[in-house]
Amino acid sequence: MTTTSIEHKEIIVKGRVQGVGFRVNAKHIADLLGVQGQIKNLPDKNVWILAEAEAVVMEEFLAWCRKGPALAKVTELEITGGNVENISGFTILHI
């Protein structure tokens, strides 16, 4: 019997990631992969993501985040772990 472990990641995406459809595309990818979480633009022009998924799915999502949509130019990801919050859905926050 195998058990799946859910990972919780807080991700800061740096580079040209605002005004290029990053959040909408990230939500689309998250929904396709089954990633739960939230995403929002930050005042410093970066994008913040809270994501929860099984390890193999999380790796796929992070791989996408390293590239982003066609017009994005991702220069860095800052990734930190945390306690699983059992988030439901993937929401774009407009703050």
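For the chain, would you read off the P(r) tail past 18 Å as a percentage of all alpha carbon pairs? Cα-Cα pairs in the chain separated by more than 18 Å: 38 percent.
Working from label points 7 Å from Cα in the Cα-to-Cβ sense, the VAL24 to ILE79 distance is 2.7 nm.
Here the 3J(HN,Hα) profile of segment 42-55, calculated from phi with Karplus coefficients 6.51, -1.76 and 1.60 at θ = phi - 60°, is 10, x, 7, 6, 8, 10, 9, 10, 10, 9, 9, 6, 4, 3 Hz, Gly and Pro shown as x.
Lys and Arg at +1, Asp and Glu at -1: add these up for the other residues within a Cβ distance under 13 Å of GLY81 and post the number. Don't skip to the answer; put the middle values down first.
Numbers: positive: LYS9; negative: GLU7, GLU10, GLU52, GLU78, GLU85.
Taking every other residue near GLY81 into account, the sum is -4.
Within segment 6-92, antiparallel bridges make up roughly 90 percent of the DSSP beta bridges whose residues both belong there.
Do any GluC sites (Glu not before Pro) in segment 41-90 lie in a DSSP loop with no more than 15 other beta carbon atoms within 10 Å, and if so, which? For GluC sites (Glu not before Pro) across segment 41-90 that sit outside H, G, I, E and B with at most 15 neighbouring Cβ atoms in 10 Å, the list reads GLU85. Here the sum of -39500 (n - 2.57) over DSSP H runs of 4 or more residues, divided by the residues of the chain, equals -8500 deg cm²/dmol at 222 nm, to the nearest 500.
FRET efficiency for ALA63 and THR91, Cβ-Cβ distance as r, R0 = 22 Å, nearest 0.05? Let's see the in-between values first.
Values: r = 22 Å, r/R0 = 0.98.
Once rounded, the FRET efficiency stands at 0.50.
Spin-label pair THR4-ASP31: with each label point 7 Å from Cα along the Cα-Cβ axis, the two points sit 2.0 nm from one another.
Every number here is computed from the coordinates shown, using simple stated rules; none is lab data. This is a predicted model, so every value here is computed, not measured. Cβ: placed from backbone, ideal geometry, glycine included. Neighbour counts: every protein chain shown.
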